[in-house]
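Visitor: The following block contains the structure, expressed as structure tokens.
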Amino acid sequence: MRPKKHEATREGDLFRSRLDQIINMKHELVQLGGKIDWAWIDTEIAPLYSDKGRPGIESRFVVGLLLLKHMFGLSDEGVCERWVYDPYFQHFTGETFFQHTFPHERSDLSHWRKRLGDKLDLLLAESLRVAHDSGALRIRDLARVTVDTTVQPKNIAFPTDARLLHAAIKGLNRLARRHDVRLRQSYVRVARQAAMMAGRYAHAKQFNRHHRQVRFLRTRLGRLIRDIRRRIAGRQAIEAAFEGALSRASQIRSQRQRQRGWKLYSFHAPEVECIGKGKARAPYEFGVKVSIVTTNACSPGGQFVLYAAALPGNPYDGHTLRATIEDTQRLTGREIERVYVDKGYRGHDAPQPRRVFISGQKRGVFGIIKRELRRRSAVEPLIGHLKEQGHLGRCYLKGRAGDAANAILTAAGYNFRRILAWLSRFLRLILSALMAALAPQPTLNPAS
């Protein structure tokens with residue numbers, strides 16, 4: 001059932017302290033909370049609820065927590081813990097009185113991310129609207145953009161053969177215990193020892209011994225797969241529960257390091273892809289490709305992210321440009337006049353190819369276009385901020401839906417972080433001007 005609308009009260013409480021009497025109401029986080037249109041967000045989320053059942057949690061509370069998490073680079077547990085002792089966090093999520101305990105469960109954030117799904121774009125759109133209203137972003141900055149892609153790594157270990165085989169053995173045993181499937185032998189103890197020795201032999205460059213341990217693990221995994229299939233034969237419910245895990249285990253057992261074609265890089269996260277970076281420090285990264293669209297010019301509040309989306313399947317950059325431009329125009333409501341990209345977008349499918357300028361291009365590049373093309377590289381440090389200060393550097397959310405949600409929320413958190421910095425700077429300027437006006441003026445000495 002749809003949650004009740006948030007209603008602030010001006011009445012006091014004998015046993016609780018009002019937040020507006022504790023905090024500085026001119027703080028930038030308080031100002032930001034007042035500029036966000038919470039009623040519009042609640043109206044957009046309303047179709048996701050049914051008309052029956054228990055009323056849900058207030059949308060401002062959970063959406064505010066999600067924004068605070070990505071603004072300050074916290075985990076789900078970290079933002080819930082900080083909310084308890086930070087009155088500014090409580091005021092941002094709509095509380096009137098100071099709370100001494102967290103009123104909900106941490107898992108509510110996970111449920112809300114799944115519930116929002118495709119609606120997460122509205123948070124990114126709201127960040128751009130607030131940036132424009134506060135003066136940090138100009139309308140003309142939306143017409144000329146820079147597009148680039150990066151890799152959002154998944155929270156997995158480096159996929160060696162021994163580690164994958166060991167993970168498959170542990171995963172199948174976990175599933176067997178959950179469904180009360182009694183195995184002939186689990187191989188957990190010997191597999192742990194073999195995986196450990198395989199790593200040691202590889203480090204010592206004793207590859208014959210290393211390959212012997214890998215063969216040992218592959219043989220035990222095959223025995224485990226066959227044993228499980230014999231014991232669950234004819235039990236349709238359990239067969240359906242084991243179908244995905246057995247398929248992944250069989251793929252891990254059969255694949256080889258040098259083979260061509262699709263390979264599995266994680267037992268618990270089969271959506272992970274191996275994406276070549278061509279860099280000395282990271283030749284390959286394991287995750288999903290993400291498209292980032294930013295303003296080409298530096299707005300008064302800095303450079304803002306206009307669009308972010310995960311691109312599963314590791315598509316060619318140029319084949320994603322048309323959809324990226326169309327989605328950005330839908331999100332911002334402004335037609336894009338010029339697009340600046342790197343050389344990975346050669347052979348693109350943009351709707352207006354003459355308005356797309358590629359790094360290193362000479363034909364048609366002069367005047368202001370030449371200056372704006374030089375600014376294309378400014379997207380690189382912005383991506384670095386998304387990874388270091390946000391959560392784009394490591395995605396801990398599950399599945400492809402988690403990859404998409406993490407990319408959008410990280411972009412929205414970055415924009416709100418830029419707005420906070422702009423509001424803080426603006427408030428400091430107002431305060432310094434006020435102090436200068438109230439300062440006593442020096443008087444001339446009549447004797448002189």
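The values are calculated or read from the model by the stated rules, or taken from the named source; none is laboratory data. Everything quoted here is computed from the prediction, not taken from an experiment. Positions of Cβ are backbone-derived with ideal geometry, glycine not excepted, and every protein chain shown enters the neighbour counts. These area figures cover heavy atoms from the full protein model, side chains too; ligands, DNA and RNA do not enter into them. Shrake-Rupley method; radii C 1.70, N 1.55, O 1.52, S 1.80 Å.
Visitor: Taking helices (runs of 4 or more DSSP H) that fall entirely within segment 74-188, which contain at least 2 residues that are out of contact with any His (no Cβ under 6 Å at 6 or more places or on another chain) and among the polar types (S, T, N, Q)?
Guide: Because the criterion is at least 2 residues that are out of contact with any His (no Cβ under 6 Å at 6 or more places or on another chain) and among the polar types (S, T, N, Q), the helices (runs of 4 or more DSSP H) in segment 74-188 that meet it are 107-116.
Visitor: I want to confirm something. Restricting to segment 248-298 and keeping residues that are without any contact (Cβ under 8 Å) to a residue 24 or more places away in the chain and aromatic (Phe, Trp, Tyr), which single residue is surrounded by the fewest Cβ atoms within 10 Å (Cβ to Cβ)?
Guide: Trp262
Visitor: I would also like to ask the following. Of the residues that sit in segment 18-32 and are assigned to a helix (DSSP H, G or I) and open to solvent by less than 20 Å² (accessible area, probe 1.4 Å), which one is farthest from Trp422 (Cα to Cα)?
Guide: Leu19
Visitor: Moving to a separate point now. Restricting to segment 222-265, name every residue that is among the β-branched types (Val, Ile, Thr) and closer than 19 Å to Phe286 by Cα.
Guide: Residue satisfying the conditions is Ile252 alone.
Visitor: If you don't mind, another one. Kindly list the number of the only condition in (1) open to solvent by 90 Å² or more (accessible area, probe 1.4 Å); (2) part of a helix (DSSP H, G or I); (3) touching a residue at least 60 places away in the same chain (Cβ under 8 Å) that fails for Arg209.
Guide: (3)
Visitor: Those residues that are more than 15 Å from Lys289 (Cβ to Cβ) and charged (D, E, K, R), I need them from segment 402-430; list them, please.
Guide: Matches in segment 402-430: Arg417, Arg418, Arg425, Arg428.
Visitor: Within the bounds of segment 341-348, is there any residue that is out of contact with any strand residue (DSSP E or B) (no Cβ under 9 Å at 6 or more places or on another chain) and either surrounded by 20 or more Cβ atoms within 10 Å (Cβ to Cβ) or touching a residue at least 24 places away in the same chain (Cβ under 8 Å) (or both)?
Guide: yes
Visitor: Return the residue satisfying two criteria in turn: it lies in segment 98-147 and is small (Gly, Ala, Ser), out of contact with any Asp or Glu (no Cβ under 9 Å at 6 or more places or on another chain) and open to solvent by less than 20 Å² (accessible area, probe 1.4 Å), and of such residues it is farthest from Arg322 (Cα to Cα).
Guide: Ala136
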